[in-house]
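Everything on this sheet refers to the single structure shown next.
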Amino acid sequence: MDRIRTALAATTILAGTVAASATELEVTHWWTSGGEAAAVKVFADAFNASGNTWVDGAIAGGGNARPIIISRISGGDPMGATQLNTGRDAEDLVKAGLMTDLTELAEKEGWADIIRPAKLLDACRYDGKIYCVPVNIHSFQWMWLNRGVFEDNGLAVPTNWNEFEAAAPKLREAGVIPLAVGGEPWQINGMAGVFTVALGGVDLYRKVNADKSAEAAASPEMAKVFEAIAAARDMVDDGYVGRAWNDAANMVITGKAGAQIMGDWAQGEFGVAGQTAGKEYDCLPGLGVYPVLDTGGDAFYFPKPADDNPEIVKAQMDLASLLVSKAVQVDFNLKKGSLPIRGDIDLSAANDCMKKGLAILENPDNILPSGEQTWSSDTQGQFEDLWVEFFNDPGMTPQEAQERYVEIVANAD
């Protein structure tokens with residue numbers, strides 16, 4: 001009995017110690033679809049297992065979430081941690097001194113040696129210090145196809161955009177929507193970027209997005225991109241305006257549509273639906289034309305606590321460390337459909353589409369900058385406005401849209 005009392009006392013003391021050291025950390029993000037929710041749970045479970053408490057602050061839709069997140073931080077009501085895109089989303093907040101400096105932790109754990117491509121971590125640097133931690137590699141450069149839709153209608157499953165475009169009228173005749181599209185601005189803008197690479201070429205993409213060349217934006221190669229977007233307008237259904245990206249993905253999953261152009265996060269939705277790459281669905285990086293990835297992704301920032309609470313700062317460091325740990329990187333990215341930021345982890349469980357992405361990453365020439373990494377938020381907004389207006393208005397000619405595009409590039413900051 002004495003042994004039992006002693007053991008119980010020790011357990012009570014240990015539990016009290018864990019409870020005393022546990023810290024609640026509100027974490028904001030916009031991962032609310034089925035696949036995203038399964039992925040973010042990996043982070044939450046790992047953080048809770050560390051003795052801290054993840055307080056979930058999900059906000060549906062990145063377009064809705066960003067201004068709320070930025071307003072709270074700048075207004076003196078910071079969360080403990082927040083997801084943002086890898087790039088310039090938090091640039092002004094960092095400049096204002098509102099983000100926790102992660103440099104000491106990054107150097108201690110050797111992030112510069114394990115995070116690839118290096119530009120992901122570079123995007124977290126400001127004035128030589130690190131203010132965020134990349135958690136995945138995302139690319140918009142993917143097209144997702146329902147294999148059964150094509151096979152059941154006597155069509156070969158397309159291996160590139162040209163084959164898909166040729167099959168689109170036959171899908172329409174069979175009562176299938178050729179292209180599932182969500183009409184939110186970021187979706188249309190992202191799709192335009194995919195066409196820029198696949199139909200305009202890698203050199204064009206680099207000249208416009210990296211060199212910010214107005215001459216390239218006015219080129220005949222770029223004209224092909226606008227013509228392709230005009231053609232894509234005829235492949236969608238009337239209900240696309242305002243549709244969420246995961247609802248568009250579900251149209252492909254259920255066979256209502258033949259394909260969707262969407263980032264690799266769409267793969268998480270196929271996984272939740274129990275579908276297998278190469279069996280029920282296929283994926284075409286670079287629309288099957290150019291095997292490239294524009295490597296952006298998600299990163300977590302840690303706003304400075306309003307009262308510089310050391311317990312909050314310690315919990316922030318605990319979470320930052322967990323986000324780049326091997327086990328968490330594997331489990332999270334397999335569910336998210338994204339690629340890991342570490343090249344030294346076991347991904348034998350990766351499916352066919354993830355393996356395609358990993359193979360592309362092996363060649364540095366295949367890696368392109370994402371729009372979030374090269375354009376300011378203001379310029380990105382101008383692009384979104386243009387692409388949405390062009391896609392929604394059949395009366396706007398490709399030539400008219402291109403002229404406005406050139407003007408935006410020429411005046412970009």
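The values are calculated or read from the model by the stated rules, or taken from the named source; none is laboratory data. This one's a predicted model, so the numbers in the text were calculated from it and none came from an experiment. When we count neighbours, we look across all protein chains shown, and the Cβ atoms used for this are built from the backbone with ideal geometry, even at glycine. Heads up: the accessible areas ignore ligands, DNA and RNA and are worked out on the full protein's heavy atoms, side chains in. Shrake-Rupley method; radii C 1.70, N 1.55, O 1.52, S 1.80 Å.
Descriptive notes on the structure:
- Members of region 271-286 that are over 22 Å from residue 174 (Cβ atoms), under 19 Å from the mean Cα position of the chain (by Cα) and of a type outside the set (Gly, Ala, Ser): 272, 283, 285
- In region 159-182, the residues that are closer than 20 Å to residue 239 by Cα form Cβ pairs under 9 Å with partners that are in a loop (DSSP other than H, G, I, E, B) and of a type in the set (Lys, Arg), at six or more places apart or across chains, as follows: 176/256; 177/256; 180/243; 180/256; 181/243; 182/243.
- The single condition among (1) of a type outside the set (A, V, I, L, M); (2) part of a helix (DSSP H, G or I); (3) over 25 Å from residue 365 (Cβ atoms); (4) open to solvent by less than 20 Å² (accessible area, probe 1.4 Å) that residue 183 does not meet is (2).
- Tally, over region 338-396, of residues that are among the hydrophobic types (A, V, I, L, M, F, W, C), exposed (fewer than 14 other Cβ atoms within 10 Å of the Cβ) and in a helix (DSSP H, G or I): 1
- Residue ID - nearest to residue 333 (Cα to Cα), chosen from residues in region 141-180 that are part of a loop (DSSP other than H, G, I, E, B), open to solvent by 20 Å² or more (accessible area, probe 1.4 Å) and not polar (S, T, N, Q): 157
For every residue, the table says whether it meets (1) in a strand (DSSP E or B); (2) open to solvent by less than 30 Å² (accessible area, probe 1.4 Å); (3) in contact with a Lys or Arg (Cβ under 9 Å, 6 or more places away or on another chain); (4) over 25 Å from residue 375 (Cα atoms).
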position: 255; (1), (2), (3), (4): no, yes, no, yes
position: 258; (1), (2), (3), (4): yes, yes, no, yes
position: 274; (1), (2), (3), (4): no, no, no, yes
position: 300; (1), (2), (3), (4): yes, yes, no, no
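- Verdict on residue 49 being surrounded by fewer than 21 Cβ atoms within 10 Å (Cβ to Cβ) and at pLDDT below 95: no
- Filtered residues of region 259-269 (kept if under 16 Å from the mean Cα position of the chain (by Cα) and either modelled with pLDDT under 95 or among the aliphatic types (A, V, I, L, M) (or both)): 261, 262, 263, 264, 265, 266, 267, 268, 269
- Number of the condition not met by residue 73 [criteria: (1) in contact with a Phe, Trp or Tyr (Cβ under 8 Å, 6 or more places away or on another chain); (2) at pLDDT 85 or above]: (1)
- Of all residues in region 115-140 being open to solvent by 30 Å² or more (accessible area, probe 1.4 Å) and in a helix (DSSP H, G or I), the one that is nearest to residue 294 (Cα to Cα): 119
- Residue 89 vs. criteria open to solvent by less than 60 Å² (accessible area, probe 1.4 Å) and of a type in the set (Asp, Glu): yes
- Scoring residue 309 on the criteria (1) open to solvent by less than 60 Å² (accessible area, probe 1.4 Å); (2) over 23 Å from residue 89 (Cβ atoms); (3) in contact (Cβ under 8 Å) with a residue 40 or more places away in the chain leaves a single failure, condition (3).
- Odd one out for residue 289 among (1) modelled with pLDDT of 95 or more; (2) over 19 Å from the mean Cα position of the chain (by Cα): (1)
- Odd one out for residue 25 among (1) open to solvent by less than 10 Å² (accessible area, probe 1.4 Å); (2) at pLDDT below 95; (3) outside any helix (DSSP H, G or I): (2)
- So residue 247, is it open to solvent by 30 Å² or more (accessible area, probe 1.4 Å), of a type outside the set (Phe, Trp, Tyr), part of a helix (DSSP H, G or I) and at pLDDT 95 or above: yes
- Residue count for region 317-333, restricted to those that are surrounded by 20 or more Cβ atoms within 10 Å (Cβ to Cβ), within 18 Å of residue 305 (Cα to Cα) and not small (Gly, Ala, Ser): 1
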